[in-house]
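Written below as structure tokens is the structure these notes are about.
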Amino acid sequence: MKKLTIVVADDNPIDKFLHAKIASELGHHVLAVVEDGIELINACRQYKPQLVISDTIMPKKDGISACKIIKQEYPITKCICATSFADLSFPAQIKNVGVDAYLLKGFAAIKLNMAIQHIWSGQFYIDPLMHQDLIRSLKPIKKQLSELSELSSHHIIAHNGEHIKITDRHILLVSAIYHNLKREEIADLMNISPNTVDMNIKRIKNKMGVENRLTLIQLFSDWGLLQPVAFKNKQN
């Protein structure tokens, strides 16, 4: 396969270095390494790379929203999103905004190479770890969320240079979104109207400074506020 021009974006200095290093080891030309979504968009406008490798959670603009803009301006540019958060419902959401592949962080060169081969042949690529091995180590979802709805504590989270109060009602709402509950089910669970559900989702996205539900869910997961996912070990 031909060697590609690439822009790497990640606000984590270790991940940023590793992703650029892996791409270079595969023989690709890394044109720029940036640390937020705005820098990513500007770098793509300047260099017009063939491929973007981006984190999903970054300052100023998240990677998903940045990739959506990039795909609108440069449809031939391919986008790979890398994240530490695994959930089978997310790739479909990412695919809808034009992202071409979804990798879990910690990927090796062979995984990146496989993703590139798939997307250059016109296929959407999902990290194999996200298929049948992915399970949630949870109590029944409705029971867990019902228990959470009875709580009234809060958490103070440092985010974007500010200290933000996250209540258990916020966690309940994001957990319900994470588990793909319908707005009517969320309304019933939280004893509010469906329209209020929509309003509360919009408010919490604005409060967190994010533009989509995927980024909101990953933030709460990274903060340890959502029930973690687990990987089932294969029996050889």
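Points to keep in mind about this one:
- Scanning the range 76-85 for residues that are part of a loop (DSSP other than H, G, I, E, B) and either among the acidic types (Asp, Glu) or crowded, with 18+ Cβ neighbours inside 10 Å (or both) yields THR77, PHE85.
- Tally, over the range 8-33, of residues that are under 19 Å from ALA66 (Cβ atoms) and over 18 Å from the mean Cα position of the chain (by Cα): 6
- Restricting ILE110, ILE69, ILE53, ILE41 to those that are under 30 Å from SER175 (Cβ atoms) and either at pLDDT below 90 or buried (at least 20 other Cβ atoms within 10 Å of the Cβ) (or both) reduces the list to ILE53.
- With a requirement of 3 or more residues that are more than 28 Å from ASN12 (Cα to Cα), modelled with pLDDT under 85 and in the same structural domain as ILE38 (by TED's automatic domain parsing), none of the strands (runs of 3 or more DSSP E) lying completely within the range 144-234 satisfies it.
- Any hit, the range 52-66, residues being in contact with a Cys (Cβ under 7 Å, 6 or more places away or on another chain) and over 20 Å from ALA108 (Cα atoms): yes
The values are calculated or read from the model by the stated rules, or taken from the named source; none is laboratory data. Since we're looking at a predicted model, the values are computed, not measured. Cβ sites come from the backbone with ideal geometry, for glycine too, and all protein chains shown count toward neighbours.
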